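Here's the structure we're looking at; comments come further down.
The values are calculated or read from the model by the stated rules, or taken from the named source; none is laboratory data. Everything numeric in this text was worked out from a predicted model, so none of it was measured. Ideal geometry is used to build each Cβ from the backbone, glycine not excepted, and the neighbour counts take in all protein chains shown.
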Ligand code: PA5
């Protein structure tokens, strides 16, 4: 039974009919993907990655961790975009929100190199001072400014604190297998390294060493992550016609064809906020090109119902909404599922007496259903994606689900889902404005524009 269920109950008949009409198209694009006969086929190595490489790699990573000759209680992940969002999606979803402050058998995780904030880097150094860190720097190109700057600073910190030799043992690099600046540094400095496959782009790379190394260092169940992903790839390999992956792709494509310009991914659990961030990057970079694509936006309910909820209910009617939730997202402590009920109180001043004795999750479910119906009534096509349990297995399934749906949906849109030419524009200007040799002419032009 597939891990991701779609609820279409609150979609109008017209959208459903349009999606039905697109099904044949989606089936053909999936077949082209499987046969490596699609636009951007050279970047489809993510397809069925667990089976063809992932499980073997996972074993290799576990062996590396078993043989590590350092103690660590902090995993510092340096990377940006596809080189960090998948890892963060899993850690935010599964690790304790206050990991550093509660007793845990798992190390603490921190992230750097995903922005250019001086304050955040200073805070990371202050955290490292209190801990025994290991750094996993992840960059396919090795020349991306944000992780490059962070790695310079943080490896200097390690060398100053631990000396060169131990610092080297506290660094693991994930980068291109053969070329690139970071690969060269690995060779010069003798850092332990893992390779990012040539045929997997950043935003499709969470199930490769990009996600597996840091998540395994954090003692998360990376094998289960791959097993969950594999279940989706296997289902799609066998028979795909009615698979929810294709249904999601056709529904969002139909909404786009009907003139919608935004897809809101809404979740009812703040711990899923980074799943939504990962999804935003996946669909935004894959489809947002040539003047096309649904703009992927994210909201966390019920928090955002008290801010953007008004707009969603009554603002411009240009979006479709997808609700993402897990039937059971309760945390387990020592193997025991935790739950909370609203306590009874003598005073009923808050008017919430009807909630006494009720489970918090039950109230959250009611809020999600009520919101979905309200938004549908307000003219927002609303569909829901639901998975059974919030754990590594189902997160793996969700990654494979969205990657496959994105590949099909991008192909239906008529774009190459695997390139990102638009990302270069800001990089060129940043290089010019920071004085990179060879960019003098552009720098002069930008300075002139900034002066007026
Ligand atoms: O999806 C992508 O390809 C991008 O988001 C990259 O992952 C991101 O730009 C980081 O690139 P790199 O890994 O080369 O540092």
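Please find, among 275, 264, the residue that is closer than 30 Å to residue 95 by Cβ, part of a strand (DSSP E or B) and modelled with pLDDT of 95 or more.
One residue alone meets the criteria, 264.
Which members of the range 407-445 meet the condition of being within 16 Å of the ligand (Cβ to nearest atom), under 16 Å from residue 290 (Cβ atoms) and touching a residue at least 24 places away in the same chain (Cβ under 8 Å)?
In the first step, residues of the range 407-445 are kept if they are within 16 Å of the ligand (Cβ to nearest atom); the result is 407, 410, 415-431.
The next check asks that each one be under 16 Å from residue 290 (Cβ atoms); those that pass are 410, 415-425.
Passing the criteria: 410, 415, 416, 417, 418, 419, 420, 421, 422, 423.
Kindly list the number of the only condition in (1) at pLDDT below 95; (2) more than 16 Å from the ligand (Cβ to nearest atom) that fails for residue 190.
(1)
Answer with yes or no whether residue 91 is in contact with a helix residue (DSSP H, G or I) (Cβ under 9 Å, 6 or more places away or on another chain) and at pLDDT below 95.
No, not satisfied.
Can you find a residue that is in the same structural domain as residue 262 (by TED's automatic domain parsing), in contact (Cβ under 8 Å) with a residue 24 or more places away in the chain, touching a strand residue (DSSP E or B) at 6+ places or on another chain (Cβ under 9 Å) and under 30 Å from residue 51 (Cβ atoms) anywhere in the range 363-384?
yes
Every residue in the range 100-109 that is in contact with a helix residue (DSSP H, G or I) (Cβ under 9 Å, 6 or more places away or on another chain) and over 14 Å from residue 130 (Cα atoms), please.
106, the sole residue that qualifies.
I'd like to verify a number: residues in the range 133-150 that are more than 16 Å from the ligand (Cβ to nearest atom) and either in a helix (DSSP H, G or I) or farther than 22 Å from residue 210 by Cα (or both), how many? Steps first, please.
Step one: filter the range 133-150 for residues more than 16 Å from the ligand (Cβ to nearest atom), giving 133-134.
Retained after the next criterion (residues that are either in a helix (DSSP H, G or I) or farther than 22 Å from residue 210 by Cα (or both)): none.
Adding up the residues that qualify gives 0.
Just to be sure, is residue 357 closer than 30 Å to residue 418 by Cα and modelled with pLDDT of 95 or more? Write out each step before concluding.
On the way: closer than 30 Å to residue 418 by Cα: no; modelled with pLDDT of 95 or more: yes.
Answer is no for this residue.
Taking the options 424, 403, name whichever one is modelled with pLDDT under 95, under 29 Å from the mean Cα position of the chain (by Cα) and either in a helix (DSSP H, G or I) or closer than 29 Å to residue 87 by Cβ (or both). Explain how you work it out, then say what you get.
On the way: 403 fails: modelled with pLDDT under 95.
After ruling out the rest, the residue left standing is 424.
If I go through the range 116-132 residue by residue, how many of them are out of contact with any strand residue (DSSP E or B) (no Cβ under 8 Å at 6 or more places or on another chain) and either part of a helix (DSSP H, G or I) or closer than 13 Å to residue 77 by Cα (or both)?
7
Return the only residue of 204, 233 being touching a helix residue (DSSP H, G or I) at 6+ places or on another chain (Cβ under 7 Å) and over 18 Å from residue 139 (Cβ atoms).
233
Residue 29 fails exactly one of the following numbered conditions: (1) assigned by TED's automatic domain parsing to the domain that holds residue 133; (2) modelled with pLDDT of 95 or more. What is the number of that condition?
It fails just one condition, (1).
Any idea which of (1) out of contact with any strand residue (DSSP E or B) (no Cβ under 8 Å at 6 or more places or on another chain); (2) in a helix (DSSP H, G or I); (3) under 16 Å from residue 412 (Cα atoms) is the one residue 292 doesn't satisfy?
Among (1) out of contact with any strand residue (DSSP E or B) (no Cβ under 8 Å at 6 or more places or on another chain); (2) in a helix (DSSP H, G or I); (3) under 16 Å from residue 412 (Cα atoms), residue 292 violates only (2).
Let's see how each residue does on (1) within 22 Å of residue 110 (Cα to Cα); (2) outside the structural domain of residue 87 (by TED's automatic domain parsing); (3) assigned to a helix (DSSP H, G or I); (4) within 16 Å of the ligand (Cβ to nearest atom):
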{"residue": "152", "(1), (2), (3), (4)": "yes, no, yes, yes"}
{"residue": "158", "(1), (2), (3), (4)": "yes, no, yes, no"}
{"residue": "166", "(1), (2), (3), (4)": "yes, no, yes, no"}
{"residue": "179", "(1), (2), (3), (4)": "no, no, no, yes"}
{"residue": "185", "(1), (2), (3), (4)": "no, no, yes, yes"}
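Farther than 30 Å from residue 155 by Cα and in the same structural domain as residue 149 (by TED's automatic domain parsing): is that true of residue 64 in this structure?
Criteria not met by residue 64.
Hey, residue 168 hits all of (1) surrounded by 23 or more Cβ atoms within 10 Å (Cβ to Cβ); (2) at pLDDT 95 or above but one; which does it fall short on?
(1)
Quick grid of which residues meet (1) outside the structural domain of residue 375 (by TED's automatic domain parsing); (2) more than 23 Å from residue 394 (Cα to Cα); (3) in contact with a strand residue (DSSP E or B) (Cβ under 7 Å, 6 or more places away or on another chain):
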{"position": "11", "(1), (2), (3)": "no, yes, yes"}
{"position": "56", "(1), (2), (3)": "yes, no, no"}
{"position": "84", "(1), (2), (3)": "yes, no, yes"}
{"position": "96", "(1), (2), (3)": "yes, no, no"}
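Is there a residue in the range 227-237 that is modelled with pLDDT of 95 or more and closer than 21 Å to residue 175 by Cα?
Taking every residue of the range 227-237 in turn, none turns out to be modelled with pLDDT of 95 or more and closer than 21 Å to residue 175 by Cα.
Return only the number of the condition from (1) surrounded by 24 or more Cβ atoms within 10 Å (Cβ to Cβ); (2) within 14 Å of the chain's Cα centre (by Cα); (3) more than 16 Å from the ligand (Cβ to nearest atom) that residue 266 does not satisfy.
Checking residue 266 against (1) surrounded by 24 or more Cβ atoms within 10 Å (Cβ to Cβ); (2) within 14 Å of the chain's Cα centre (by Cα); (3) more than 16 Å from the ligand (Cβ to nearest atom), the one that fails is (2).
For the range 193-239, give me each residue that is away from the ligand (no atom under 16 Å from the Cβ) and part of a loop (DSSP other than H, G, I, E, B).
Scanning the range 193-239 gives 218, 219, 220, 221, 239.
Within the range 312-329, which residues are assigned to a loop (DSSP other than H, G, I, E, B), surrounded by fewer than 17 Cβ atoms within 10 Å (Cβ to Cβ) and in contact with a helix residue (DSSP H, G or I) (Cβ under 8 Å, 6 or more places away or on another chain)?
Passing the criteria: none in range.
Need the failing condition index for residue 297 against (1) more than 21 Å from residue 96 (Cα to Cα); (2) within 24 Å of the chain's Cα centre (by Cα); (3) in a loop (DSSP other than H, G, I, E, B), just the number.
Answer for residue 297: the failing condition is (3).
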